[in-house]
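Written below as structure tokens is the structure these notes are about.
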Amino acid sequence: VQLQASGGGLVQAGDSLRLSCAASGRTFSSLATGWFRQVPGKEREIVARISRSGRITYYGDSVKGRFTISRDSAKNTVYLEMTSLRPEDTAVYYCAADRSEVPTTLERGYEYWGQGTLVTVSS
């Protein structure tokens, strides 16, 4: 399985941005998917997760109410819609996937990883 994340960029505080994660080699309907982010010197943290069935979502406390994870089966793509962006959202964002229904919120719970996409939010 190969994951390709895209959509990062430079935005201002309060703006919105949508990240995409496209998969090849397997359909997202057979994978749970998570978005993680990492800033230099810190551990990678989970931002959002959608279960393999698509019925269960999870959001980190810092993004609840602002970010939305969704899946488009026809395009085999998972999205992270980010609104009301803050400077502290600046990070490299990674998409990850796993064959389990609901993986842990930790990095080790995910078998497949895409490359990161940088999101920079200016104040």
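The values are calculated or read from the model by the stated rules, or taken from the named source; none is laboratory data. Not measured: the values here are computed from a predicted model. Neighbour counts run over all protein chains shown; Cβ positions are idealised from the backbone, glycine included. Side chains are part of the model used for accessible areas, which takes the heavy atoms of the whole protein and leaves out ligands, DNA and RNA. Shrake-Rupley method; radii C 1.70, N 1.55, O 1.52, S 1.80 Å.
For a modelled paramagnetic label at residue 111, 7 Å from Cα along Cα-to-Cβ, the residues of segment 1-33 in reach, with backbone nitrogen under 16 Å, are 1-3, 23-33.
Using the alpha-carbon positions of segment 1-52, Rg (one decimal) and Dmax (whole number) come out as 13.1, 36 Å. Along segment 36-44 the Karplus relation, 6.51 cos²θ - 1.76 cosθ + 1.60 evaluated at θ = phi - 60°, assigns HN-Hα couplings of 10, 9, 8, 10, x, x, 10, 6, 5 Hz to successive residues, with x for each Gly and Pro. Stretching the chain fully between residue 45 and residue 99 yields a gain of 17.5 nm (0.36 nm per residue, less the alpha carbon separation). With bins 10 Å wide starting at 0, give me the P(r) of the chain over every alpha carbon pair, in whole percents. Going out from 0 Å in 10 Å bins, the chain shows 15, 51, 29, 5 percent.
Surface composition of segment 1-70: carbon and sulfur make up 44 percent of the accessible area, probe 1.4 Å. Summed over the residues of the chain and divided among them, the accessible surface reaches 50 Å² per residue at a probe radius of 1.4 Å. Counting only Cα atoms, the size of segment 56-123 along its three principal axes is 38, 26, 22 Å, in decreasing order.
Within the shell of other residues whose beta carbon sits under 10 angstrom from the beta carbon of residue 116, the net charge comes to +2, with Lys and Arg scored +1 and Asp and Glu -1. For segment 54-123, the list of trypsin sites (Lys or Arg not before Pro) that fall in a loop by DSSP and count at most 10 other C-beta atoms within 10 angstrom reads 55, 64.
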